[in-house]
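The block underneath contains the structure these notes are about, expressed in C-alpha cells.
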Amino acid sequence: MAAGKGTRLKSQIPKVLHEVGGKPLLEHVIRAAVRIVPVKDVYAIIGHEAERVRAATEHTGVNFVLQSEQRGTGHALMVAREALAGYDHVIVLSGDAPLITAETIVHLRNFHLEEQAAMALTADLDDPRRYGRVLRKNQRSAEVRAIVEERAASSTQKKIREINSGFYVFAVKELYDNIERLSTANAHREYYLTDMAEVLYKAQQRVVAFKTVDASEVLGGNTREELADIDEKMRLSKCRQLMADGVTVFYPATCVIDADVEIEPDTVIEPYVQLLGKTRIGGLCRIRSYCVIRDAEIEDGVSVLPGCVMDGARIGAGAVVGPYSRLRPGTEIGEGAHVGNFVETKKIKLGKGSKANHLTYLGDAEIGAGVNIGAGTITCNYDGVHKHKTVIDDGVFIGSDSTLVAPVRVGKGAYVGAASCITEDVPEDALAIGRARQVVKEGWAGEKRAARKK
Ligand code: UD1
Ligand code: CA
C-alpha cells in the first residue's frame, strides 16, 4: 500500500518517496517483498501523486494498481481486487514501513498457512502510542477478534501494549467475500483494512497474530521525526554490518552510509563521512573526516584526506586525494596519482603517478602518466558554447599558474613555463612559454615616491 498522502509529513513529496538510508521508503519495502515472491507478483497500490511514485519505482519492475481516491487502507485492497483475482493468498505490506525484513514476511506467511487462517498479522510489544491495538480472543490465544485504532480505542483498550504492525496475509477468497462489510463509520471516514479482523472474526473466519522478535520493524515514516529515527536505525545497522565484515568505522553514529555501499576489509572510515549511492571502496583505504562521496569506485590502498567531495569518480589503487578536492563525474584518477587541495576535476583521466597537488581546474582532459600539473593550472575547456579537450602526454611538466586553452595538446615530455597561456599545441620535448617577457625599470619605485612627496 503506497497510495496515501502522508499528511503528517507536511510535504509536497508523497510519503512513500521520502528517503531513509538513501532510498525512498517504498523501495525498501519492495526490496524486502522481492526476496519472498518474484517481482511479477508484487503490486504497488499508488494514488496520491501516482505518476511521481510510479516514475520513482518503475525501475524495480513491480506492477502498479491505481487507487485514484484514497479512502483508506481497506479501500486500497478493494481497488486491488482484480489484480489479485488469480492468487490464493496475498501478503499486504505498508509502503511507509521500510524496516520490515524478508525474514519477518516469511515467518508471517508460514504462520498464516500453518494456521489455515483467513487473516494473519504481526503484533509487537513496543511503545503503543499512535498504533492500532490488537484485541485477542483471550490472552493465551493466537486468535484475534478485532483491531482497534488508537483514536477509537477506549481507555482500557489504550492500555493494551500489543500493537498492529500493519503487515498482513489474507486468504484472497475470504478477503473479497467479506470486504464489502467494511464501513467508514470512524474518525477518518475511511475504510480501515484493520477492521477486516473483526469482520472476518464475526464471519467465523480464523484471524491470528504472532509477535515479532524485533519490535522496531513496525516503525513507519509518518512524521519527520519518525523518518529521522528510521534513518538512524538503518545507518547504524549498515555500519554494524560493515564492521562485522572487517571495516573500521570510527564513531559510527556520525557516518552516513547508504545501503548499497560496499567496502572491503581493513578500510578505515573516520568520523563524519558520507558514503552514498553505489560507492565501492577497496581494502586498506582510509577515508578521512568530512568527505561526501557518491557513486565512486575507489580501489585498494587509497587515501582520501579530509573534506573531499566526489561524485561518480574512479580512483586507482594507492592514489592520494585531498584534502578538499572536488572530483566530479567522469573523473578517473590513475594508480598512485595525487590530487591535492582545492583541485576540481571533471571528465578527466589522470595517468599513473601523475600529480595535481594545488589549486587547479582540470576538465575534459586526458593526462598521461608521470605528469606534473603545477599549482593554479587551469584547463580552459569552455568557449561559451562548446566544451573542448586538452591532451597532456606522459611525462609533461606544466608550470604553475598556466592556462591551457582547449582544444590543445602538450606532447610527451614537454615543459610549459610558469604562468603561460597555451593556445597552440606544444610538440614533444619542447618548452613552451606563453607570457609577456619581464621588464625591469631600474629605480622606478624610488622616483615615484620622490615625486609623491613634492
Ligand atoms: C496503520 C494501521 C494501524 C497500524 C499502523 C502500523 C489502518 C487503518 N491502521 O495506521 O492499525 O498500527 O498502520 O504502521 O490501516 N494507504 C493507501 N491508501 C489509502 C490509505 C493509506 O495505500 O487510502 C497506504 C499508505 O500510503 C501507507 C499505508 O497504506 O503506506 C498505511 O497507511 P497509514 O495512513 O500510514 O496508516 P497508519 O495510520 O500508519
Ligand atoms: Ca503508517
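Remarks
- Where a residue in segment 209-225 is within 13 Å of ligand 2 (Cβ to nearest atom) and its partner, wherever it lies, is among the charged types (D, E, K, R) and part of a helix (DSSP H, G or I), with Cβ under 8 Å and at least six apart: LEU219/GLU226; LEU219/ASP229; LEU219/LYS233; GLY220/GLU226; GLY221/LYS15; ASN222/ARG8; ASN222/LYS15; THR223/ARG8
- Residues in segment 357-372 that are in contact with a Ser or Thr (Cβ under 7 Å, 6 or more places away or on another chain) and under 26 Å from SER289 (Cβ atoms): THR360, TYR361, LEU362.
- Checked against the criterion of being within 16 Å of ligand 2 (Cβ to nearest atom) and touching a residue at least 12 places away in the same chain (Cβ under 8 Å), segment 152-161 has no qualifying residue.
- In segment 88-102, residue farthest from GLN116 (Cα to Cα) [restricted to those that are more than 14 Å from ligand 2 (Cβ to nearest atom) and surrounded by 14 or more Cβ atoms within 10 Å (Cβ to Cβ)]: THR101
- Some residue of segment 168-176 being within 16 Å of ligand 2 (Cβ to nearest atom), at pLDDT 95 or above and under 33 Å from the mean Cα position of the chain (by Cα): yes
- Note on segment 133-189: among residues that are among the β-branched types (Val, Ile, Thr) and closer than 23 Å to ASP88 by Cα, the one that is farthest from ligand 1 (Cβ to nearest atom) is VAL172.
- Candidates ILE100, ILE160 - the one that is among the β-branched types (Val, Ile, Thr) and either more than 30 Å from the chain's Cα centre (by Cα) or at pLDDT 95 or above (or both): ILE160
- Condition check for GLY322: on the phi > 0 side of the Ramachandran plot, within 26 Å of the chain's Cα centre (by Cα) and surrounded by 19 or more Cβ atoms within 10 Å (Cβ to Cβ): yes
- Among (1) under 27 Å from VAL426 (Cβ atoms); (2) part of a loop (DSSP other than H, G, I, E, B); (3) not basic (Lys, Arg), the one test that TYR361 misses: (2)
- Listed by position, the strands (runs of 3 or more DSSP E) enclosed by segment 83-150 that each have at least 3 residues that are closer than 15 Å to ASP195 by Cα and aliphatic (A, V, I, L, M) are 119-125, 144-148.
- Comparison of ALA187, ALA203 shows that the only residue that is over 20 Å from GLU162 (Cβ atoms), surrounded by fewer than 22 Cβ atoms within 10 Å (Cβ to Cβ) and within 16 Å of ligand 2 (Cβ to nearest atom) is ALA187.
- Members of segment 199-242 that are in a helix (DSSP H, G or I) and under 14 Å from LEU175 (Cβ atoms): VAL199, LEU200, TYR201
- Listing of helices (runs of 4 or more DSSP H) fully contained in segment 1-79 that carry 1 or more residues being hydroxyl-bearing (Ser, Thr, Tyr) and within 30 Å of ASN110 (Cα to Cα): 50-57, 73-79
- The residues on offer are ALA118, ALA76, and the sole one that is touching a residue at least 24 places away in the same chain (Cβ under 8 Å), buried (at least 22 other Cβ atoms within 10 Å of the Cβ) and within 14 Å of ligand 2 (Cβ to nearest atom) is ALA76.
The values are calculated or read from the model by the stated rules, or taken from the named source; none is laboratory data. Since we're looking at a predicted model, the values are computed, not measured. Methodologically, a virtual Cβ is constructed for each residue, glycine included, from the backbone with ideal geometry; neighbour enumeration extends over all protein chains shown.
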